[in-house]
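Shown next, in structure tokens, is the structure this report addresses.
The values are calculated or read from the model by the stated rules, or taken from the named source; none is laboratory data. Because the structure is a prediction, the values reported are computed rather than measured. Cβ placement follows ideal geometry from the backbone for every residue including glycine, while neighbour counts extend to all protein chains displayed. Surface areas here come from the heavy atoms of the whole protein model, side chains and all, with no ligands, DNA or RNA. Shrake-Rupley method; radii C 1.70, N 1.55, O 1.52, S 1.80 Å.
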Amino acid sequence: MKKIALLLALLILVTACGVKQTRELLTSGDYDAVVRNSVDGLQGNKNAKGKQDYVYMLEEAFAKAKDRDQRDIQALFKDANPRNLEKIYNTYVQLNYRQEQIRPLLPLKLLKEGRDAQFPFDDYTDQIVSSKNALSKYLYDNSKALLVTKDKLTIRRAYDDLLYLESLNPGFKDTAKLIEEAKAKGTDYVSVYTKNETNMVIPVRLEKDLLDFSTYGLNDKWTVYHSNRIKGIDYDYGLIVNFRDIKISPEQIKEKQFEKEKQIKDGQKNLVDAQGHVVKDSLGRPIKVDNMKTIKISIYEFSQTKACQVTAKVDYINFKTNQLLETFPLASEFVFSNVYATYKGDKRACEDAYYTNFDRKVLPFPSNEQMIYDSGNDLKAKLKDIIINHKIRK
């Protein structure tokens, strides 16, 4: 019984909070929120006494929302601005939707007054159809006019309007064809290529990898990058990777010799005292201790190094105005390194982590071309970061 009483008290509290919140919404003029809350609150036993507040608020909110929307429509018609057509259509849709939210609950009783709550419904079918057709015609005609312009941002607005038109009125005239036209005309096409201002040959593989934009994943809704120009496309921008300098260090082999020593356990021996006598335990047995011995190693270490530093810049060019828009530095360094070693003595005298150096051998130094190419992965990652963080259009 206590649990039931507690649940009932909790239910009353939740209902009271919901009613209070809905009343505040009604006072603030958010009538559609009042309708939503009231419809939710009236689910279940809609005629319960505890739900009467919702019925009163629903009746009032419906009447006030309908009156407001009808006055708004009249004002929009008087203004005669074609840009108001979408608002007119959406308002008629909202008028109808509001009725359909309430319709399943009818009739709703006002118990104290002994009457049904009043919800004067209207048929908005004709208004919805006519306003949708008027809006569709406006969107279509206006978009076609925008597509004639040369401004890509304007064309993109036409594209968005045409997509909305297609969702609003599927198959309206040749909307699908116009969408394709707007997409093509509104897209920025970027030609990507390299320039070599150094006195060294850039490996073909490196240029190919840098310009393989299919691996970058950079194409977005309105920007397409081409490393190979396509006939018939009028390119808007250029993205140029200018190689400015390439420095390659000489091949170096450094040697060094060092020694290490360590004490290790080598079996056990009898413990002896200062006089050299064997120390025994209480049972007369000799006490054993670890026999420690010192081991040594002489290590001959060889370090092979060769470094390559590539310096470049990325230029953004506006082909329409032939102007340099922005320039960003681009640099990468690749270091070939190999450490190997030989030894004399006991290998256990050095750290276990060093053992791998004994397993390595001398390696042939990579060619200059290979060094330049190996810097490519870092260059490519940095180039991608530049493009992502610095869009052609802000």
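Before moving on, here are some points about what is shown:
- Using alpha carbons only: equivalent-ellipsoid semi-axes of the chain, gyration tensor based, whole Å: 77, 48, 13
- In degrees, nearest ten, helix 376-389 long axis to first principal axis of the chain (Cα): 30 degrees
- A Förster radius of 56 Å, combined with the Cβ-Cβ distance separating Met200 from Asn90, puts the computed FRET efficiency at roughly 0.30.
- Each peptide in 183-194, 274-285 gets a packing score, the mean of other Cβ atoms within 10 Å over its residues, and the list from highest to lowest is 183-194, 274-285.
- Of the two radii for segment 223-320, the radius of gyration is 1.63 times the Kirkwood radius, both from the alpha carbons; that is the Rg over Rh value.
- For segment 15-120: relative contact order, % (alpha-carbon pairs under 8 angstrom, 6 or more apart): 29 percent
- Nitroxide proxy distance, nm - points 7 Å out along Cα→Cβ at Lys384 and Ala33: 4.5 nm
- Dipole magnitude (debye, nearest 20) for the chain, charges at Cβ of Lys, Arg, Asp, Glu: 840 debye
- Acute angle (nearest 10 degrees) that the helix 125-147 long axis makes with the longest principal axis of the chain, alpha-carbon atoms: 50 degrees
- Cα centroid of segment 193-242 to Cα centroid of segment 308-370, whole Å: 24 Å
- Value at 222 nm in deg cm²/dmol, rounded to 500, when DSSP H runs of n ≥ 4 in the chain each add -39,500 (n - 2.57): -14000 deg cm²/dmol
- Solvent-accessible area, 1.4 Å probe, carbon plus sulfur percent, for the chain: 53 percent
- Normalised contact order of segment 242-372, rounded percent, pairs of Cα under 8 Å and 6 or more residues apart: 28 percent
- Summed over the residues of segment 237-394 and divided among them, the accessible surface reaches 62 Å² per residue at a probe radius of 1.4 Å.
- Of all lysines in the structure, the ones whose alpha carbon falls short of 16 Å from that of Lys280, not counting any fewer than 8 places away in one chain, are Lys269, Lys288.
- Spread over its residues, the convex hull of the C-alpha atoms of segment 12-148 is 131 Å³ per residue.
- Ranking by accessible area, most exposed first, for Leu325, Leu25 with a 1.4 Å probe: Leu325, Leu25
- Seen against the Cα atoms of the chain and their longest principal axis, helix 175-186 is set at about 40 degrees.
- Remark: relative contact order (the chain) = 11 percent; criterion is Cα-Cα distance under 8 angstrom and separation of 6 or more residues.
- For segment 123-152 and segment 19-44, distance of Cα centres in Å: 35 Å
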